[in-house]
There are 2 protein chains.
Amino acid sequence: MARRKVGNLMALAVLSVLVQRPMHPYEMASMLRARGKEADMGIKWGSLYTVVRNMEKHGLIEAVETVRQGARPERTIYRITDDGRAEMVDWVRELISVPERERTRFQAGLSVLAALAPDEVERLLRQRLALLEEETDDKRAAHERHSGEMPRLFLIENEYELALLDAELTWVRALLDELGAGTFAGIEVWRRFHETGELPAELAEMAERGSVKD
Amino acid sequence: MARRKVGNLMALAVLSVLVQRPMHPYEMASMLRARGKEADMGIKWGSLYTVVRNMEKHGLIEAVETVRQGARPERTIYRITDDGRAEMVDWVRELISVPERERTRFQAGLSVLAALAPDEVERLLRQRLALLEEETDDKRAAHERHSGEMPRLFLIENEYELALLDAELTWVRALLDELGAGTFAGIEVWRRFHETGELPAELAEMAERGSVKD
DNA sequence: ACCTCCTTACTCGTTGACGAGTATACGTCT
DNA sequence: AGACGTATACTCGTCAACGAGTAAGGAGGT
């Protein structure tokens, strides 16, 4: 974030549409929406004008003209600069070549899983599984529809997403199996802890030491 | 974020240590650091005091006492409230049961992959693969070391992370194979586009329509 | 002829995240 | 005994992100 002049990924999205032709912000939004980029990147439209203004300030884009249609608000049309083009390419290079650990909220949840009883966890995971399956089916269907009409290059991010979704599905199913069958190591201690309300001596000591994980 | 009184996941981390016993902020930080939670959740220490103040304001925690040791700055000791306990449990429930689409930066990169030439992509992916392998090996080693001394319940988030890392590794390797062998569908059009600098008619039209993806 | 609702096209204010800074105490190496 | 680093324990200012608000044009119904 310190390195990029404009850190928000929406800036990359903006660059990627302006590289085709100059546009005003609202049109960028429509383009991105039409292409489904809002789904691929985590785009919040509230940030659009802030980001565009910042990009102009840093010379990644520049205003070409401002036109007014009737009594509508003015529209400023922007075009990408050479700096902008360079920034885009360099940014993509980095995103592809440098893996960055990004924890999901699910992982955060898992890391405090002991706050819930095993039976409840089983129930919640089943809910997750159902939602996950639905989402995956939708995504896969959409992907198959599109792969008839578009080159694979433009759908590659969906392939990746589907691969990760599959991996999560598999993992959750496996965990559910173990919980259901009672083969999850330590499930008895875990269950008792939640029934009696107090945690067994071994765990208490571990919690206090805490530093086992270095 | 609107629903949670304090949206930052660091708040969950704070709750999870305060549930054991009252503590002052700096000690929370040490605890979390010692347990490796900073890795599991994406924790930035700059936010700690802001978050703690917010949590107090919203009644999730409350100050017990402020002590002073010698000439050191005052330390305020906080304890978790009943509301805090309830919030924690409810939060974990949500994190576990409701899958939330979170796009990675890599996915964002993939969605503008056309900005780079196929040969460069191949090179960059190989770099990614190497870093990814290194990271995975480290993580797996650490996990195996710990699984001797700690109950599985407290390592479950690492299992999940490793599963996702494996999935990414597999996917990247497969893509690299296709790029290397030249069997990636449309790679010729892609390569020519970068050699000549202009995109073929079919793609130009598609870019303009744009809306194929709805 | 009027009403209503959706789309177009932004503006603005709030909030919270976070980096960087600060200052003292303590241990330890020389 | 002095110096140097490291741990303790925060404070503050900035800045981007975003939700919610605004307001006119146009389409379609009655």
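Miscellaneous remarks
- Candidate set from segment B:127-159 (those that are touching a residue at least 24 places away in the same chain (Cβ under 8 Å) and surrounded by fewer than 16 Cβ atoms within 10 Å (Cβ to Cβ)); member that is farthest from residue A:185 (Cα to Cα): B:133
- Among the residues listed as A:60, A:12, the single one being buried (at least 19 other Cβ atoms within 10 Å of the Cβ), touching a residue at least 60 places away in the same chain (Cβ under 8 Å), more than 9 Å from DNA strand C (Cβ to nearest atom) and under 18 Å from residue A:81 (Cβ atoms): A:12
- Test: residue in segment A:72-84 that is within 20 Å of residue B:105 (Cβ to Cβ) and buried (at least 19 other Cβ atoms within 10 Å of the Cβ): yes
- In segment A:19-37, the condition of being closer than 30 Å to residue B:136 by Cα, open to solvent by less than 60 Å² (accessible area, probe 1.4 Å), out of contact with any strand residue (DSSP E or B) (no Cβ under 6 Å at 6 or more places or on another chain) and more than 14 Å from DNA strand C (Cβ to nearest atom) is met by at least one residue.
- Residue match in segment A:38-48 (condition: aromatic (Phe, Trp, Tyr), within 14 Å of DNA strand D (Cβ to nearest atom) and surrounded by fewer than 16 Cβ atoms within 10 Å (Cβ to Cβ)): yes
- Residue A:79 at the interface with chain B (Cβ under 9 Å from one of its Cβ atoms) and more than 16 Å from DNA strand D (Cβ to nearest atom): no
- Selection count where residues are assigned to a helix (DSSP H, G or I) and open to solvent by 20 Å² or more (accessible area, probe 1.4 Å), scope segment B:93-126: 10
- Scanning segment B:4-26 for residues that are away from DNA strand D (no atom under 11 Å from the Cβ) and assigned to a loop (DSSP other than H, G, I, E, B) yields B:4, B:5, B:6, B:8, B:19, B:20, B:21, B:22.
The values are calculated or read from the model by the stated rules, or taken from the named source; none is laboratory data. These figures come from a predicted structure and were not determined experimentally. Note: ideal-geometry Cβ built from the backbone for every residue, glycine included; neighbour counts use all protein chains shown. The protein model used for the area step is the full one, side chains on, heavy atoms only, and it has no ligands, DNA or RNA in it. Shrake-Rupley method; radii C 1.70, N 1.55, O 1.52, S 1.80 Å.
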